[in-house]
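**Q** The structure follows.
The values are calculated or read from the model by the stated rules, or taken from the named source; none is laboratory data. Small disclaimer: the values here were computed from a predicted structure and weren't measured. Cβ: placed from backbone, ideal geometry, glycine included. Neighbour counts: every protein chain shown.
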């Protein structure tokens, strides 16, 4: 089972920093590439750019909460929640397949009686 995770393409868990303008303030966010890919997919489904989607999430989050949560963690949770939604359309299935790198099948162990 662990090979499914361990054999992931290292580029997926490499972190990347991007500059984003939120409320006319330029800020940087550091996320792993896989999260950036999922955010781009979410944005595409909403007909927005990734930056527009992130700014909209930021605006809605801070409109609901008075405290200041860790926004990067919030984005990771958004991605995981999005990925846990049931998928019925072909485009989502193709995107999920592109993100998933499975380990090569291991030969079945022979059983001797």
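**Q** If you take the residues of region 52-63 that are out of contact with any helix residue (DSSP H, G or I) (no Cβ under 8 Å at 6 or more places or on another chain) and within 13 Å of residue 24 (Cα to Cα), which of them is surrounded by the most Cβ atoms within 10 Å (Cβ to Cβ)?
**A** Just the residues of region 52-63 that are out of contact with any helix residue (DSSP H, G or I) (no Cβ under 8 Å at 6 or more places or on another chain), to begin with: 55-56, 59-60, 62-63.
If we keep only those that are within 13 Å of residue 24 (Cα to Cα) as well, we get 55-56, 59.
Values: 55: 17, 56: 14, 59: 12.
Checking each candidate, the answer is 55.
So that you can scan it fast, the table gives a plain yes or no per residue for (1) loosely packed, with under 10 Cβ neighbours inside 10 Å; (2) in contact (Cβ under 8 Å) with a residue 60 or more places away in the chain; (3) in a loop (DSSP other than H, G, I, E, B):
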residue: 17; (1), (2), (3): yes, no, no
residue: 35; (1), (2), (3): no, no, no
residue: 69; (1), (2), (3): no, no, yes
residue: 77; (1), (2), (3): no, no, no
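A quick yes/no check of all residues on (1) under 15 Å from the mean Cα position of the chain (by Cα); (2) at pLDDT below 95:
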position: 18; (1), (2): yes, no
position: 21; (1), (2): no, yes
position: 24; (1), (2): no, yes
position: 30; (1), (2): yes, no
position: 38; (1), (2): yes, no
position: 41; (1), (2): yes, no
position: 48; (1), (2): no, no
position: 59; (1), (2): no, yes
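**Q** Go through region 1-15 and report how many residues are in a helix (DSSP H, G or I), without any contact (Cβ under 8 Å) to a residue 40 or more places away in the chain and more than 19 Å from residue 38 (Cβ to Cβ). Talk me through it step by step, then tell me what you get.
**A** Of region 1-15, the ones in a helix (DSSP H, G or I) are 2-6, 10-13.
So of that shortlist, the ones also without any contact (Cβ under 8 Å) to a residue 40 or more places away in the chain come out as 2, 5, 10-11, 13.
Right, trim to more than 19 Å from residue 38 (Cβ to Cβ) and you get 2.
So the count comes out to 1.
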